[in-house]
Amino acid sequence: MRIIFATHNRNKLAEIRKIMEDIAAEIVSKAELGVDFEPVEDGQSFSENSELKAVGIREYLREHGLLRQDDIIMADDSGLCVDYMDGEPGVYSARFMGEDTSYEVKNREIIRRLSGVEGEARAAHFTCDICAAFADGRVFHTEGIFPGFIANEPAGENGFGYDPILYLPAYGKTSAELDMEEKNKISHRGKALREMRRLLQSVRETDWKLEKRKIPNGESSADSNRVRRVLLVSDSHRKDDALLEIITKERPFEMLIHLGDAEGTESQIRKAAGEGVRCYFVEGNNDFFTSLPKELIVRIGKENCFLSHGHRYGVGMDVSFLADEARARGCGVAMFGHTHRPYLKTVNEVVCVNPGSISYPRQSDHKLTYMIVEVDGDGRLSYIQKYAN
Ligand code: IMP
């Protein structure tokens, strides 16, 4: 595993090297790779900005043939949020009063704006969001908060930026009066980095398990960007007439997902979907003698989707086992079939989706069902339940 950190800041790099040293083979900055590309950070939140940076660099590396399969591109975005100023300067921390204004002036201005404000009302915190963008398209975030109060006077020479005005009652000091090691133990960035370390470890353990069980991950990100409509079907059981009609009716779509029990007609379905439509199939409990993957992870819009027929997780009784497995593998969506009943519900924070069956429906109206997944401009997914006729 190689971690590429999207920063020029030596202190940040030193900190991440220290925290991540035993989990990554190599930790380099983008500058050390000779990359000077700077993605535009025009998001409205810390997490949007960190993702813009990490994904922007990842795609740059991909386009220039520099991306390795086991790369993780990491980026952070941070800032000071002052309660009395409605969370400002927030994502504009670096640009507050202009990028070139000194922090001495910025800090004095914040203290001036809080004149007459006392006690709890002076609460403020640093926030840091870290985004890890995997070469295979997965994206993870962690967040750290460093709370304190706006000091009456700036104090301290250590640190940078707004450190001299964040007062920490537990220490009787400002953040700029802590030495670097002390600050890293309690800082927003330190917390977010340590949380990211834990997260990467658990993702890696899950990936190892996947590898052991020979469950391939679906390809993702480059394709996921152009996907706007996905045809989601399941349990066709060789009765493909309805499916062929649906394919004609629902065009255009860029991806077709079949969640199992096609029973051997996959190539016919692929052909009907047409060239340029990416087709994913997983093995159902009636797919004997097949080389189809048992499970897949496919990126659609900004979601990692866990694809499985579902019978191994007992979805007929309880969807939560499937939801938990999806979440453990870094997926916010679980797509499944097997029950022959359409289903759409958030279970244990995972959106669980079943398009129903296009051969033998079992819900009360006994209509053939499927779903269309639509991806909006921000990569969010919506699910439209449809009937075959
Ligand atoms: P960035 O995430 O490195 O771009 O930081 C944005 C801005 O937030 C910095 O320029 C500082 O103004 C402020 N900031 C973020 N973290 C800290 C910190 O630990 N101490 C002081 N200022 C910070």
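The values are calculated or read from the model by the stated rules, or taken from the named source; none is laboratory data. A quick note: this is a predicted structure, and the numbers were derived from the prediction, not measured. We place every Cβ from the backbone using ideal geometry, glycine too, and count neighbours over all the protein chains shown.
Of all residues in segment 73-85, at least one satisfies being under 22 Å from THR7 (Cβ atoms), away from the ligand (no atom under 11 Å from the Cβ) and surrounded by 13 or more Cβ atoms within 10 Å (Cβ to Cβ). If you go through segment 210-241 and pick out every residue that is charged (D, E, K, R), more than 16 Å from PHE134 (Cα to Cα) and at pLDDT below 60, you end up with 4. Looking across segment 347-366, the residues that are surrounded by 15 or more Cβ atoms within 10 Å (Cβ to Cβ) and in a loop (DSSP other than H, G, I, E, B) come down to GLY356, SER357, ILE358, SER359, PRO361. Within segment 120-128, is even one residue in contact with a Leu (Cβ under 8 Å, 6 or more places away or on another chain), modelled with pLDDT under 95 and either within 30 Å of ASN304 (Cα to Cα) or buried (at least 22 other Cβ atoms within 10 Å of the Cβ) (or both)? No, every residue in segment 120-128 fails to be in contact with a Leu (Cβ under 8 Å, 6 or more places away or on another chain), modelled with pLDDT under 95 and either within 30 Å of ASN304 (Cα to Cα) or buried (at least 22 other Cβ atoms within 10 Å of the Cβ) (or both). The set of residues in segment 130-154 being touching a helix residue (DSSP H, G or I) at 6+ places or on another chain (Cβ under 6 Å), at pLDDT 90 or above and part of a loop (DSSP other than H, G, I, E, B) consists of ALA151, PRO154.
Could you please give the count of residues in segment 280-291 that are touching an Asp or Glu at 6+ places or on another chain (Cβ under 8 Å) and either at pLDDT 90 or above or closer than 19 Å to GLY314 by Cα (or both)? Of the residues in that region, 6 qualify. Do the conditions hold for ILE110, that is, is it out of contact with any Cys (no Cβ under 8 Å at 6 or more places or on another chain) and more than 12 Å from the ligand (Cβ to nearest atom)? Judged against the criteria, ILE110 is not a match.
On inspection, ILE150 does not qualify as under 30 Å from ILE300 (Cα atoms) and in contact with a Leu (Cβ under 7 Å, 6 or more places away or on another chain). Filtered by the rule that a residue be more than 16 Å from the ligand (Cβ to nearest atom) and aromatic (Phe, Trp, Tyr), segment 38-72 gives a lone residue, TYR60. All conditions but one from (1) away from the ligand (no atom under 16 Å from the Cβ); (2) surrounded by 16 or more Cβ atoms within 10 Å (Cβ to Cβ) apply to PRO89; the one that does not is (1). Whenever a residue of segment 82-110 is aromatic (Phe, Trp, Tyr), its partners that are within 9 Å of the ligand (Cβ to nearest atom), lying with C-beta atoms within less than 8 angstrom and at least six residues away or across chains, give the pairs TYR92/GLY79; PHE96/PRO89; PHE96/LYS106; TYR103/PHE160; TYR103/GLY161; TYR103/TYR162; TYR103/PRO164.
Once segment 119-152 is narrowed to residues that are closer than 28 Å to ARG2 by Cα and among the acidic types (Asp, Glu), the residue that is nearest to the ligand (Cβ to nearest atom) is ASP129. Note on segment 153-164: residues that are near the ligand (Cβ under 9 Å from one of its atoms) and in contact (Cβ under 8 Å) with a residue 40 or more places away in the chain total 4.
Of everything listed in (1) touching a helix residue (DSSP H, G or I) at 6+ places or on another chain (Cβ under 8 Å); (2) within 30 Å of ARG226 (Cβ to Cβ); (3) within 14 Å of the ligand (Cβ to nearest atom), the single unmet condition for PHE96 is (2). Once segment 175-206 is narrowed to residues that are farther than 21 Å from SER50 by Cα and near the ligand (Cβ under 10 Å from one of its atoms), the residue that is farthest from the chain's Cα centre (by Cα) is ALA176. Scanning segment 367-385 for residues that are buried (at least 20 other Cβ atoms within 10 Å of the Cβ) and either of a type in the set (A, V, I, L, M, F, W, C) or out of contact with any Gly (no Cβ under 9 Å at 6 or more places or on another chain) (or both) turns up LEU368, MET371, VAL373, VAL375.
When segment 301-314 is filtered for residues that are touching a residue at least 60 places away in the same chain (Cβ under 8 Å), in contact with a Leu (Cβ under 6 Å, 6 or more places away or on another chain) and outside any loop (DSSP other than H, G, I, E, B), the ones remaining, listed by number, are GLU303, LEU307.
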